[in-house]
1. Condition first: modelled with pLDDT under 80, surrounded by 14 or more Cβ atoms within 10 Å (Cβ to Cβ) and closer than 30 Å to residue 8 by Cα. Can you find one or more residues in region 52-64 that meet it?
2. Do the conditions hold for residue 4, that is, is it surrounded by fewer than 16 Cβ atoms within 10 Å (Cβ to Cβ) and farther than 13 Å from residue 80 by Cβ?
3. Out of (1) surrounded by fewer than 13 Cβ atoms within 10 Å (Cβ to Cβ); (2) touching a residue at least 40 places away in the same chain (Cβ under 8 Å), the odd one out for residue 108 is which?
4. Could you tell me which numbered condition residue 92 fails, if it satisfies all but one of (1) within 30 Å of residue 27 (Cβ to Cβ); (2) at pLDDT 90 or above; (3) touching a helix residue (DSSP H, G or I) at 6+ places or on another chain (Cβ under 9 Å)?
5. Taking the options 115, 67, 79, name whichever one is part of a helix (DSSP H, G or I), surrounded by 12 or more Cβ atoms within 10 Å (Cβ to Cβ) and at negative phi.
6. Here are 80, 112: which of them is within 38 Å of the chain's Cα centre (by Cα) and assigned by TED's automatic domain parsing to the domain that holds residue 37?
7. What is the number of the single condition among (1) surrounded by 17 or more Cβ atoms within 10 Å (Cβ to Cβ); (2) at pLDDT 90 or above that residue 172 does not meet?
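The values are calculated or read from the model by the stated rules, or taken from the named source; none is laboratory data. Since this is a predicted model, take the numbers as computed values, not measurements. Note that each Cβ is placed from the backbone with ideal geometry, even for glycine, and that neighbours are counted across all protein chains shown.
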């Protein structure tokens, strides 16, 4: 059947004629579109998708186009080229995608780890405030400030670094118990 006759029937609402026209122009548009969309611009849309989209859009508005069999092919050609250009503009507006390297996983902390860390920090701070002054000073000197046991002994007024080590250990055990109590509540 000629394109002129199919187009005439399609304009009268014959869906089979539209299907025939669709099948008739698909190979032409695929050949025309092949290679026009660069590989870097392809994501979810490839040439076949652009061809199908062009045909669907054209045949939906076919009655308003005043198309003839002589004008339909050039119209479809230009519609496909416009669709390719639209896709290129869309792709260039978004950041370039980068494939993740599975051999080098991200070593950054996950949002969950960050949230847990914040909760732990808050529990640590509250538990520290409930400790006796001496225990607080021992933990702050050794853990927060990073003092050596010699320096911690001076801050705590202990005779030896070993005495400071024991004081810090006991303070940390009390702190851990306080934090466990907070976690259980």
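1. yes
2. Answer is yes for this residue.
3. The failed condition is (2).
4. (2)
5. Working: 115 fails: surrounded by 12 or more Cβ atoms within 10 Å (Cβ to Cβ); 67 fails: part of a helix (DSSP H, G or I).
Going through 115, 67, 79 in turn, just one is part of a helix (DSSP H, G or I), surrounded by 12 or more Cβ atoms within 10 Å (Cβ to Cβ) and at negative phi: 79.
6. On the way: 112 fails: assigned by TED's automatic domain parsing to the domain that holds residue 37.
Being within 38 Å of the chain's Cα centre (by Cα) and assigned by TED's automatic domain parsing to the domain that holds residue 37 holds for just one of 80, 112, which is 80.
7. (1)
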